[in-house]
1. Are any residues in region 1-21 among the hydroxyl-bearing types (Ser, Thr, Tyr) and under 33 Å from the mean Cα position of the chain (by Cα), and if so, which ones?
2. Could you list, ordered by first residue, the pairs with Cβ atoms under 9 Å in which the first is in region 1-18 and part of a helix (DSSP H, G or I) and the second is of a type in the set (A, V, I, L, M, F, W, C), at least 6 apart or interchain?
3. Which of (1) modelled with pLDDT under 95; (2) surrounded by 10 or more Cβ atoms within 10 Å (Cβ to Cβ) does Cys24 not meet, given it meets every other one?
Amino acid sequence: MSVPELIIGSLGIAGSLLLLALVCGAVAGVALVVWNKFHPPVDRHLPSVSPQVPVGRPPNTPAQ
């Protein structure tokens, strides 16, 4: 086996692994988008860590 054959072979293996990673990433991305579309989170806001905002009232709402 010559050096150019070795380089071409290694580039082929690296290219096939890169293609496999891109396909797996695309499938995982589509799966996450579809999952979030049909299973939305109950509350999209994180809870407040401020002691000034009472629990149960979303931030930026006036006090009653």
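1. Just the residues of region 1-21 that are among the hydroxyl-bearing types (Ser, Thr, Tyr), to begin with: 2, 10, 16.
Within region 1-21, Ser10, Ser16 meet the criteria.
2. So the pair list comes out as Gly9/Met1.
3. (1)
The values are calculated or read from the model by the stated rules, or taken from the named source; none is laboratory data. Because the structure is predicted, anything quoted here is derived from the model rather than measured. Methodologically, a virtual Cβ is constructed for each residue, glycine included, from the backbone with ideal geometry; neighbour enumeration extends over all protein chains shown.
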